[in-house]
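Enquirer: Got a structure for you, questions after.
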Amino acid sequence: MEILEGDPIGRWEEIVFAANKGIVSRELQRLIEYIAICEILIEDERLEEKLQKVLKALQYDERIKELVRKNKNDIVIASMANILSQNE
């Protein structure tokens with residue numbers, strides 16, 4: 001299936017720019033809400049310091065880079081599925 005080929009983030013961008021504006025808007029709102037919830041959890045659990053350490057390590061730690069890359073790809077793949085399932 002062509003949609004699954006190539007860079008997931010690049011494919012996600014193509015879908016976001018081509019899909020129905022209302023569907024994309026709802027998906028972006030969902031992603032923003034998810035980020036906001038994550039930020040609340042980080043604050044509530046007092047994880048700001050740990051987050052800063054990971055962000056700094058991201059510059060040089062290949063294992064963390066790979067974990068972040070994988071998670072980003074997982075997020076955009078799920079997002080593509082949400083958009084495409086509503087855009088049919």
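Enquirer: Hey, which of these cross-link pairs are over 25 Å Cα-Cα: Lys50/Lys70; Lys21/Lys72; Lys21/Lys70?
Expert: Working: Lys50/Lys70 20 Å; Lys21/Lys72 22 Å; Lys21/Lys70 27 Å.
Over 25 Å Cα-Cα: Lys21/Lys70.
Enquirer: Evaluate the charge dipole of the chain about its Cα centre and quote only its size in Debye, nearest 20, assuming +1 on the Cβ of each Lys and Arg and -1 on the Cβ of each Asp and Glu. Let's see the in-between values first.
Expert: Values: 13 positive and 18 negative charges, 27 e Å.
Once rounded to the nearest 20, the dipole reads 140 debye.
Enquirer: Report, in order of residue number, the helices in the chain meeting two criteria: a C-alpha extent of 18 Å or more along the helix axis, and a mean Kyte-Doolittle hydropathy of at least -0.5; treat each whole DSSP H run as one helix.
Expert: On the way: long enough: 21-44 (34 Å, 0.44); 62-86 (36 Å, -0.29).
Result, helices passing both filters: 21-44, 62-86.
Enquirer: Further question on the same structure: Rg/Rh for the chain: what does it come to with C-alpha atoms and Rh from Kirkwood?
Expert: Details: Rg = 15.4 Å, Rh = 14.7 Å.
Rg/Rh: 1.05.
Enquirer: When the C-alpha atoms of segment 48-88 are aligned to their principal axes, what extent does each axis show, in angstrom, from largest down?
Expert: Principal-axis extents of the Cα atoms in segment 48-88, largest first: 42, 22, 10 Å.
Enquirer: Still on this structure, I have one more. Report the residue, chosen from Arg26, Arg69, Arg46, that carries the largest GNM mean-square fluctuation when the chain is represented by alpha-carbon nodes joined by springs under 10 Å.
Expert: Fluctuation is largest for Arg46.
Enquirer: What is the sum of charges, Lys and Arg at +1 and Asp and Glu at -1, for the other residues whose Cβ falls under 15 Å from the Cβ of Gln59?
Expert: Working: positive: Lys53, Lys56, Arg63, Lys65, Arg69; negative: Asp61, Glu62, Glu66.
Result for the neighbourhood of Gln59: +2.
Enquirer: What FRET efficiency comes out for the pair Arg26/Glu5, r = Cβ-Cβ distance, R0 = 25 Å, nearest 0.05?
Expert: That pair, Arg26 with Glu5, gives E of 0.45.
Enquirer: Using +1 at the C-beta of Lys and Arg and -1 at the C-beta of Asp and Glu, which of Leu55, Asn73, Ser85 has the Cα lying farthest in the positive direction of the dipole of the chain?
Expert: Value computed over the given set: Leu55.
Every number here is computed from the coordinates shown, using simple stated rules; none is lab data. Just so we're clear, the structure is a prediction, and the values are computed from it rather than from any experiment. Glycine gets a Cβ as well: all are built from the backbone with ideal geometry, and neighbour counts include every protein chain shown.
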